[in-house]
Amino acid sequence: MKNKGKGGINELSYLTLHASRFTPHALRFTKIDLTRQKDTEEFFEKERPEYVFLAAAKVGGILANNTYKADFIYENIMIAANVIHAAYKYGVKKLLNLGSSCIYPKFAPQPMKEEYLLTGLLEPTNEPYAIAKISAIKLCKYYNEQYGTNFISVMPTNLYGPNDNFDLETSHVLPALIRKFHLAKLQMEQVKAKQDIEGFPKPQPGHSVTIWGTGQPRREFLYVDDLADACVFLMNHYNDSEIINIGVGKDISIKELALLIKEIVGYKGEIRFDTSKPDGMPQKLLDVSRINSLGWKPKVSLEEGIRKTYEWYVENR
C-alpha cells in the first residue's frame, strides 16, 4: 500500500510477516505513519514481528530530490530511526534495512565496492536522501555493536517494475521514460487517425520526447522481483554489519535506455535531450562480487523486465 505525498511516494505502510524461515502462513497489511514514533512503537508492541524488511522511504528522481530536500532528509531519517529502534526495543530477531546506491560518493571508482562508502563527496542532487540512508546504515551497525542485534543493510541499485511510480514529476528515470514514450505514442496515433478527416490540420514534423540531461550518464537497473528474491536470500544467509550491494553488475547509458524503451513501447518519433537540466552522478554501477560469492544472481534481463513493466503500466494506468 502506498500513500502519495508531495515530492515522491511515501511507503508508510507496513507488512507484518509471521513465518518460519520466511515462508508466510499469515500475511496482512497495516497502514501506519512510520515517521511517528508513537504509532511505530504501538505497531511493534501489538504485532511483535520476528523479522523485519525495512523498505519504507520517501523516494523520487532528480526533480523531487532537488525540490523537497528537507522532506527527503527528515522523513527518511525519522522512518529509519523509529523502525530500527522499535525493532531493538521489541526483540526483533533480524532486520534487513534497504539502502540505496546513491549513498556512494559522486565520483567513486566504478564499479562501486561496499568499502567506498564515505570516501568522498555525495552527488548534490540527492544528498539529503543519501545522508538519511547512510544514517540508517550506521544505526544498524551501532545497534549491533552496542546491543547485540542482528540488523543488516543492503544496497540495491536502481529498481523498477510493476506498481512503480510513473508520475512525471516524482518518478525515477525508467518509469518516467515509459510514461513519456507511451503518451507520445498515443498522441501520434490520435493525430494519424484524424489525418483523413476533412479540414483536420496535418501533424507538424519533428514530433519528439524530451529527456533531461545529456543522456550520457550510466545507470544499472534491477527488476523488483529480483530484489525481493535477493532480500529473502540475504535474510537467510547474511549476518554481517557491513553493507552488501544488490545489483546486476551491468549498466547502460540513459540514451541507450531511452532507445530500448522507445522500441518496446513502439514510439516512432524523435528523442531530444535538454542539456540545461542536470545529469546527476556520471555513473552508478555496483560491484556485486560479494553477493555473487554467496550464491545469488538476478534472473530477469533488462529488456524482459521493461516489457513486463510496460505491460503492467498499459493495463493499470
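The values are calculated or read from the model by the stated rules, or taken from the named source; none is laboratory data. No experiment lies behind these values; they were computed from the predicted model shown. Neighbour counts are summed over all protein chains in view; Cβ atoms, including those assigned to glycine, are modelled from backbone coordinates with ideal geometry.
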Considering only the stretch 228-249, how many residues are in contact (Cβ under 8 Å) with a residue 40 or more places away in the chain and under 21 Å from Asn163 (Cβ atoms)? 7
Checking Gly91 against (1) on the phi < 0 side of the Ramachandran plot; (2) touching a residue at least 24 places away in the same chain (Cβ under 8 Å); (3) out of contact with any helix residue (DSSP H, G or I) (no Cβ under 8 Å at 6 or more places or on another chain), only one condition comes out false. Which one? (1)
In this structure, does Leu285 turn out to be surrounded by 19 or more Cβ atoms within 10 Å (Cβ to Cβ), under 30 Å from Gln190 (Cα atoms) and in contact (Cβ under 8 Å) with a residue 24 or more places away in the chain? no
Counting only residues that are in a helix (DSSP H, G or I) and either of a type in the set (Asp, Glu) or at pLDDT below 95 (or both), how many does the stretch 99-108 have? 2
Return the total of residues in the stretch 205-257 being modelled with pLDDT of 95 or more, surrounded by fewer than 15 Cβ atoms within 10 Å (Cβ to Cβ) and polar (S, T, N, Q). 3
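Results for (1) in a helix (DSSP H, G or I); (2) buried (at least 20 other Cβ atoms within 10 Å of the Cβ); (3) of a type outside the set (A, V, I, L, M); (4) modelled with pLDDT of 95 or more, shown as yes or no for each residue.
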residue: Leu34; (1), (2), (3), (4): no, yes, no, yes
residue: Glu42; (1), (2), (3), (4): yes, no, yes, yes
residue: Ala56; (1), (2), (3), (4): no, yes, no, no
residue: Ala81; (1), (2), (3), (4): yes, no, no, yes
residue: His85; (1), (2), (3), (4): yes, no, yes, yes
residue: Val92; (1), (2), (3), (4): no, yes, no, yes
residue: Asn97; (1), (2), (3), (4): no, yes, yes, yes
residue: Gln110; (1), (2), (3), (4): no, no, yes, yes
residue: Gly120; (1), (2), (3), (4): no, no, yes, yes
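Pick from the stretch 64-77 the residues that are in contact with a Lys or Arg (Cβ under 8 Å, 6 or more places away or on another chain) and either outside any loop (DSSP other than H, G, I, E, B) or of a type in the set (A, V, I, L, M, F, W, C) (or both): which of them is farthest from Ile291 (Cα to Cα)?
Applying the filter and picking the extreme gives Asp71.
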